[in-house]
Amino acid sequence: MKILIDINHPAHVHYFRNFSKIMQEKGHKILFVSRNKEMSHRLLNLYNIPFIDRGKGRDGKIGRLIYLAYADLKLIQISLKFKPDLFLNFLHPYPSQVAKLLGIPSLVFSDTEHASLHHKLTVPFATKVFTPSCYSIDLGEKQIRFNSFMELSYLHPKYFTPNPEILKLLNVNILDKFVIVRFVSWNAVHDMGHSGITLENKKRAVLELSKFAKVFISSEGELPEDLEKYRIRIPFDKIHDALYYSSLLFGESGTMASEAAMLGTPSIFINSNRLGYLDEQEHKYGLVSNFRASKEDQEKAINRAIEILREDRGKERYNKLREELLINCADTTQFMVNEVLKYEQ
């Protein structure tokens, strides 16, 4: 088979890189096409994955419309040359639209309920849409639910082994408590109309958490001078090692909150966008604490973070919860392989 995988966000590289390796070992041909967004190309190069650059996106409604036409045309040109048997991607419209036009099956994964615009532009053109079983909305007859999370496509113990060398880079030892605080830029399409933690509460959170643990900030944007000294300074591909050994993840990123949970690290998620997978990781497994972005909830989130840091043998308890999660959940990458192979002729 020839499979075209289109990457629209750095996280998508992680979702499909193990799938790609397994399928190529089985003799199938994989072509990655990637938008030039943030660290997508750096990650592809890190994992020695050849790709075709489809350029940067555009901002604003008109800019996004222009880029939609450009990306579709670019993918048509690539497809006519590569002749794929199947398109695979995480929820975004370009590959499914082109696949529909060319009469090629298009398989889409999604775990983001509030990405309503992408749903409207993608689902009608896709062949199948795969979502975690906890997905809180019904996408119709094309939707197939699977009992797992996207982050287990790369953080399942089959694919990820934490490297303790990260402790040296962070200048901490195995018994030290440390917290990773994550702030996002709020520039994504599905973030429109939403905002996160206030600057006042960002500073308060760092101050309060630093009383119980060493604090490292991961931020998509600039930080005020008094917070810049907390910025984590490690190679970009070592963040999952840091998450594994950390005592807590506190912040605005749904992906990183779920990554922490997959690694047995409790996380605090502050965001008014609700995510089914984080709700399940809270209510079924106790690995995530979800809060809205209201000032009242921001206060509650800081207090909850302090409670977690003050727990005795907390890391041991959360690791047991992780073990329960791993027992209950499927290997997401193997699920992908099984579904794609159904289209093998």
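Please go through the stretch 159-171 and pick out each residue that is open to solvent by less than 40 Å² (accessible area, probe 1.4 Å) and not in a loop (DSSP other than H, G, I, E, B). Break it down into steps so the answer makes sense when it comes.
Step one: of the stretch 159-171, the residues open to solvent by less than 40 Å² (accessible area, probe 1.4 Å) are 160, 162, 166-167, 170.
Within the stretch 159-171, Ile166, Leu167, Leu170 meet the criteria.
Among the residues that make up the stretch 105-115, is at least one of them open to solvent by 20 Å² or more (accessible area, probe 1.4 Å), of a type outside the set (Asp, Glu) and not in a loop (DSSP other than H, G, I, E, B)? Looking for residues that are open to solvent by 20 Å² or more (accessible area, probe 1.4 Å), of a type outside the set (Asp, Glu) and not in a loop (DSSP other than H, G, I, E, B), one finds none in the stretch 105-115, hence no.
Criterion first (crowded, with 21+ Cβ neighbours inside 10 Å, hydroxyl-bearing (Ser, Thr, Tyr) and under 25 Å from Ser185 (Cβ atoms)) does Ser247 satisfy it?
no
Looking across the stretch 289-303 at every residue that is open to solvent by less than 60 Å² (accessible area, probe 1.4 Å) and in contact with a strand residue (DSSP E or B) (Cβ under 9 Å, 6 or more places away or on another chain), the one that is nearest to Lys214 (Cα to Cα) is identified as Ile302. Number of residues in the stretch 91-123 that are touching a residue at least 12 places away in the same chain (Cβ under 8 Å) and over 14 Å from Ile76 (Cβ atoms) equals 19.
For the stretch 135-150, the tally of residues that are in contact (Cβ under 8 Å) with a residue 40 or more places away in the chain and over 17 Å from Phe90 (Cβ atoms) stands at 2.
Here's the yes/no breakdown for (1) surrounded by fewer than 19 Cβ atoms within 10 Å (Cβ to Cβ); (2) in a loop (DSSP other than H, G, I, E, B):
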residue	(1), (2)
Ser136	yes, yes
Ser153	no, no
Asn173	yes, yes
Ile197	no, yes
Glu200	yes, no
Phe212	yes, yes
Val215	no, no
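If we only count strands (runs of 3 or more DSSP E) wholly inside the stretch 244-345, which ones have 2 or more residues that are without any contact (Cβ under 8 Å) to a residue 40 or more places away in the chain?
Numbers: elements: 248-251, 267-270, 288-291.
The qualifying strands (runs of 3 or more DSSP E) are 267-270, 288-291.
Condition check for Asp312 on (1) surrounded by fewer than 17 Cβ atoms within 10 Å (Cβ to Cβ); (2) out of contact with any Gly (no Cβ under 6 Å at 6 or more places or on another chain); (3) closer than 19 Å to Ala257 by Cα: one failure, at (3). Evaluating Ala11 against the criteria (1) out of contact with any Ser or Thr (no Cβ under 7 Å at 6 or more places or on another chain); (2) within 19 Å of Ser253 (Cβ to Cβ) leaves one unmet condition, (1).
Across the stretch 17-65, which residue is nearest to Tyr94 (Cα to Cα) among those that are touching a Ser or Thr at 6+ places or on another chain (Cβ under 8 Å) and among the aliphatic types (A, V, I, L, M)? Among those that are touching a Ser or Thr at 6+ places or on another chain (Cβ under 8 Å) and among the aliphatic types (A, V, I, L, M), it is Ile52.
For the stretch 275-284, the condition of being closer than 19 Å to Ala305 by Cβ, small (Gly, Ala, Ser) and open to solvent by less than 40 Å² (accessible area, probe 1.4 Å) holds for none of the residues.
Within the stretch 45-64, residues that are farther than 16 Å from Phe82 by Cα and of a type in the set (D, E, K, R) sit with their Cβ atoms under 7 Å from residues that are outside any helix (DSSP H, G or I) and open to solvent by 90 Å² or more (accessible area, probe 1.4 Å), at 6+ positions apart or across chains, in these pairs: Arg64/Arg58.
The values are calculated or read from the model by the stated rules, or taken from the named source; none is laboratory data. In this text the structure is predicted, and so the values were computed from the model without any measurement. Methodologically, a virtual Cβ is constructed for each residue, glycine included, from the backbone with ideal geometry; neighbour enumeration extends over all protein chains shown. Accessible surface areas use protein heavy atoms only, side chains included; no ligands, DNA or RNA. Shrake-Rupley method; radii C 1.70, N 1.55, O 1.52, S 1.80 Å.
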